[in-house]
Amino acid sequence: MTLNVRTFDAALGAEVRDVDLSNPPDDETFAAIEEAYNEHSVLLFREQSIDEVQHLAFSRRFGDLEVHVLDQYLHPEHPEILIVSNVMDGDRHVGIYDAGRYWHTDLSYMAVPSRGSLLYAIEVPHDEDGKPLGDTLFASTSAAYDALSDSMKSRIADLKAEFSLANRHAKLIADGDANAELEDRHHDRAPPAVHKIVRTHPITGRKSIYVNEGQTARILDLPEDEARDLLEKLCTHCTKPEFVYRHKWRPGDLLMWDNIPTQHLAICDYALPQRRYLHRTTLRGTPPQ
Ligand code: SIN
């Protein structure tokens with residue numbers, strides 16, 4: 001079985017062609033997709049037309065799914081789908097409108113972070129000339145790790161950091177989002193978690209840098225100034241242009257990414273009446289190593 005895979009001209013990512021996800025891929029095709037996913041970290045399937053049930057069925061081939069902590073943004077009939085959208089129903093946001101506002105890795109603030117996410121674009125905003133808006137940037141944190149000096153690799157080898165959803169929301173509030181207040185139930189489900197800042201991928205064995213701007217609160221066991229400087233330095237390093245792929249969305253794109261060796265950022269360069277509406281499933285992970 002040869003899967004038609006075109007790698008992007010970037011440190012990560014590839015497009016898979018000639019696969020129609022509305023028909024469940026046979027086992028051989030699925031195995032090839034999974035292999036490409038592990039190799040390229042970000043996979044794009046263009047021109048798909050899938051409903052919620054087909055999206056869920058394809059996602060479940062990779063394993064169990066998460067129900068997102070921010071339960072106010074779940075699909076009303078399919079709680080394993082998180083709605084990512086700026087669309088309003090009266091004064092209520094129908095989906096998470098600020099997803100991806102800071103560089104982050106999905107669910108890095110959970111004790112067991114997510115393996116990956118599958119985001120399906122239904123409506124994509126565009127400007128008057130038809131140019132798509134709301135791009136998403138992906139950085140390869142394994143390429144970023146490989147590019148570190150040997151002395152930096154040994155400096156960070158055993159360090160740990162605290163990750164927290166509250167950290168992200170404190171940033172949103174500081175940046176003027178008055179709606180970003182978390183409820184007690186969110187804090188209860190997602191207390192701060194501690195992870196090593198160098199992760200080893202359980203399948204590929206590749207190492208990656210595991211800190212991000214949005215959800216890493218602090219590096220532990222270092223003097224405060226040194227911890228802050230190191231966190232800033234690593235976050236800046238991970239998102240250098242040479243490690244980044246920029247995705248320009250089209251309706252019908254199914255984009256999936258591996259949350260272990262990547263982080264991502266959504267560009268908020270649109271506003272209603274320009275509508276952005278996507279469905280995301282989130283794959284449950286395994287305890288980080
Ligand atoms: C996300 O962080 O999962 C959403 C990314 C996006 O809205 O492009």
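Numbers below:
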| read-out | value |
| --- | --- |
| Those residues of segment 127-142 which are among the hydroxyl-bearing types (Ser, Thr, Tyr) and within 16 Å of the ligand (Cβ to nearest atom), in sequence order | Thr136, Thr141 |
| Residue check for Tyr145: surrounded by 20 or more Cβ atoms within 10 Å (Cβ to Cβ), within 14 Å of the ligand (Cβ to nearest atom) and modelled with pLDDT of 95 or more | no |
| Residue selected from segment 79-103 under the condition outside any loop (DSSP other than H, G, I, E, B) and closer than 17 Å to Arg168 by Cα, by the criterion nearest to the chain's Cα centre (by Cα) | Val84 |
| Test set (1) surrounded by fewer than 24 Cβ atoms within 10 Å (Cβ to Cβ); (2) within 13 Å of the ligand (Cβ to nearest atom); (3) not basic (Lys, Arg) - Thr262 fails condition number | (1) |
| Which listed residue is of a type in the set (Val, Ile, Thr) and within 16 Å of the ligand (Cβ to nearest atom), from Val112, Val124 | Val124 |
| Qualifying positions in segment 265-289 - outside any loop (DSSP other than H, G, I, E, B) and within 10 Å of the ligand (Cβ to nearest atom) | Leu265, Ala266, Leu278, Arg280, Thr282 |
| Any hit, segment 149-157, residues being modelled with pLDDT under 95 and either in a helix (DSSP H, G or I) or away from the ligand (no atom under 16 Å from the Cβ) (or both) | no |
| Restricting segment 35-78 to residues that are among the aromatic types (Phe, Trp, Tyr) and not in a helix (DSSP H, G or I), the residue that is nearest to Thr281 (Cα to Cα) | Phe62 |
| Among (1) open to solvent by less than 70 Å² (accessible area, probe 1.4 Å); (2) within 16 Å of the ligand (Cβ to nearest atom); (3) at pLDDT 95 or above - the single one Leu231 does not satisfy | (2) |
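The values are calculated or read from the model by the stated rules, or taken from the named source; none is laboratory data. Predicted model only: the values in this text are computed from it and were never measured. All Cβ positions, even for glycine, are placed from backbone atoms using ideal geometry, and neighbour counts span all protein chains on display. Note: areas computed on protein heavy atoms with side chains; ligands, DNA, RNA excluded. Shrake-Rupley method; radii C 1.70, N 1.55, O 1.52, S 1.80 Å.
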